[in-house]
Amino acid sequence: MSLQMISTISNSSLLQPGFSLLNFDGHVFFFGQKGWPKRSCPTGVFLLDIKQNELKMKPVFFSKDSCYLPPLRYPALCTLKSDAGADEHQYIIHGGKTPNNDLSDKIYFISLVSKTSKKITFQCIEKDLGGDVPEARYGHTINVVHSRGKSMSVLFGGRSYTPLAQRTTETWNSVVDCLPSVFLIDFEFGCCTSYMLPELQDGLSFHVSIARDDTIYILGGHSLQNNTRSPNLYKLKIDLPLGSPAVTCTILPGGISVSSAIVTQISDTEFVLVGGYHSDNQKRLACNTIVLEDSKIEIVESVGPEWTPDIKHCRMWFGCDMGKGSVLLGIPGANKQIIPDANYFYILRCKGAEEDKEEELITQTCSQTSSEDPGDSTPFEDSEEFCFSAEASSFDADDADTYNEDDEEDESETGYWITCCASCNVDINTWVPFYSTELNKPAMILCSGGTGHWVHAQCMDLSETMLLRLSEANVKYFCNEHVDLNKGLQTPQKVMCLKKPPMKPLRKKKTTKLSTSTKKSFLRRLFE
């Protein structure tokens, strides 16, 4: 075994406990970042390109018919092939934690669609299940077994939140062991069946499971109820006749009391078990070789690598299987580091130089590799690619982006790749610049309708002249959906005037003019 260190200067907060690694055609892909994806990689899946002690993370795209895949940590993950001799395979992902600490009960299929030197495209499909559907959980395992020409997936273990009826204010976010049920999942018909076996009394999480043909071996794991790490070795045998499946369990001697261990395959029948914990405060530095032959399992202790002092004295470690007999390990950085949540990373190669060749991995492996994460989610840099190198001077000032949290917009409302309207056809995988001012993002404009929302200028049929005029003028803009509503609000409604009868003019009274003799007669009578 050989151990190689990859020094990290910045951006190391992206890789945190609970991540997963996918291996397609010898290329390793990272999934399960800490925090929600940003504009630089909306899929949350990256290609890990390791060359000369430098790790570059390049964004991966999803096909247009793919579903949304949240960044899930501590999920159950395994490979699925159409048949044993097939070269192509896909990954099954179930459960896990979202950045909001919500647990997922969904199941996804991820496959490689196309790969070029500049762009890698995956397809992600969500599967609907019926029957005894497993509850949302994390820290569990899933494997694929083959029996009598049929294939089924087997799910076991994990943790979930306390049921709502049993929660109190003090235990609202407490987790408990899931029931020790064994779930058989038939993806061809989309149905699930659960089995309770007398040999499985306690729930387990962060255990290791290895599948070969119709048998699954379960090793280690932690039980919250008893706060113990099981020393038992369980053998699950699944028979798939024409009728109902038969599931049996046998407890074998020679188990290992360990949790959060990592298993990697070095040959058709050999595996290496590394990492994990003996207890909450004691890491397991020993390594073991696991041999599967003729429906038998043999576990022997093997010579481990020369662990560095940092690994020996650190409180926790985490990692994941990279495939082809390699493991990516991480340990927390020193508290005096300027960069928060910075980690140190190592690559452990379990094969010898003469054995390190490209070979097909027939046996299915699945392991839970990470302990609980200590902190809250942190954002990552909004750049095209992330570099982890040994020297800070290796960063080119022209290529590196400076992250400013105040400049980051809320991606849930103002992201560039949203569906802005019913006729929106802007897709991250097919979009090309439409305006001369666009470079690598579509032009958007804020609609003042309602509480305000962003729309694509191209979807609103705005000319470039009009777009420039609106961006320079301090006026409100209303999209095609709200423009009629806005006109209705601004135009006063017609009011019917009441008809009133016209007022009649006052008539002048007729006056009689008195003669002079009459006036004199009147005055004479007045003074008599």
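The values are calculated or read from the model by the stated rules, or taken from the named source; none is laboratory data. Owing to the predicted nature of the structure, the values given are computational and were not obtained by experimental measurement. Positions of Cβ are backbone-derived with ideal geometry, glycine not excepted, and every protein chain shown enters the neighbour counts. Side chains included, ligands, DNA and RNA excluded: accessible areas come from the protein's heavy atoms. Shrake-Rupley method; radii C 1.70, N 1.55, O 1.52, S 1.80 Å.
For (1) at pLDDT 80 or above; (2) of a type in the set (Gly, Ala, Ser); (3) assigned by the TED database to the domain that holds LYS119; (4) in a helix (DSSP H, G or I), each residue gets a yes or a no:
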residue: THR402; (1), (2), (3), (4): no, no, no, no
residue: ASP406; (1), (2), (3), (4): no, no, no, yes
residue: GLU409; (1), (2), (3), (4): no, no, no, no
residue: GLU413; (1), (2), (3), (4): no, no, no, yes
residue: CYS424; (1), (2), (3), (4): yes, no, no, no
residue: ASN429; (1), (2), (3), (4): no, no, no, no
residue: PHE434; (1), (2), (3), (4): yes, no, no, no
residue: GLU438; (1), (2), (3), (4): no, no, no, no
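Look through PRO42, PRO75 and report the one residue that is open to solvent by 40 Å² or more (accessible area, probe 1.4 Å) and more than 18 Å from MET152 (Cα to Cα).
PRO42
Pick out the one residue from SER114, SER147, SER153, SER160 that is open to solvent by 20 Å² or more (accessible area, probe 1.4 Å), in the same structural domain as ALA246 (by the TED database) and of a type in the set (S, T, N, Q).
Going through SER114, SER147, SER153, SER160 in turn, just one is open to solvent by 20 Å² or more (accessible area, probe 1.4 Å), in the same structural domain as ALA246 (by the TED database) and of a type in the set (S, T, N, Q): SER114.
From (1) out of contact with any Phe, Trp or Tyr (no Cβ under 6 Å at 6 or more places or on another chain); (2) hydroxyl-bearing (Ser, Thr, Tyr); (3) in contact (Cβ under 8 Å) with a residue 12 or more places away in the chain, pick out the condition that doesn't hold for THR169.
(3)
Would you call ASP214 in contact with an Asp or Glu (Cβ under 8 Å, 6 or more places away or on another chain), open to solvent by 10 Å² or more (accessible area, probe 1.4 Å) and of a type outside the set (Phe, Trp, Tyr)?
Judged against the criteria, ASP214 is a match.
Mind telling me which of the residues THR116, THR121 ends up being modelled with pLDDT under 90 and of a type outside the set (A, V, I, L, M, F, W, C)?
Just one listed residue meets the conditions, THR116.
Which of the residues that make up region 195-211 are surrounded by fewer than 16 Cβ atoms within 10 Å (Cβ to Cβ) and part of a strand (DSSP E or B)?
MET196
Can you tell me which residue in region 117-144 is surrounded by the most Cβ atoms within 10 Å (Cβ to Cβ), limited to those that are under 17 Å from ASP105 (Cα atoms) and small (Gly, Ala, Ser)?
GLY139
So which residues in region 261-310 are in contact with an Asp or Glu (Cβ under 9 Å, 6 or more places away or on another chain) and among the hydroxyl-bearing types (Ser, Thr, Tyr)?
THR264, SER267, THR269, THR289, SER295 - these are the residues of region 261-310 that are in contact with an Asp or Glu (Cβ under 9 Å, 6 or more places away or on another chain) and among the hydroxyl-bearing types (Ser, Thr, Tyr).
Hey, MET57 hits all of (1) open to solvent by less than 20 Å² (accessible area, probe 1.4 Å); (2) within 11 Å of the chain's Cα centre (by Cα); (3) more than 30 Å from THR162 (Cα to Cα) but one; which does it fall short on?
(2)
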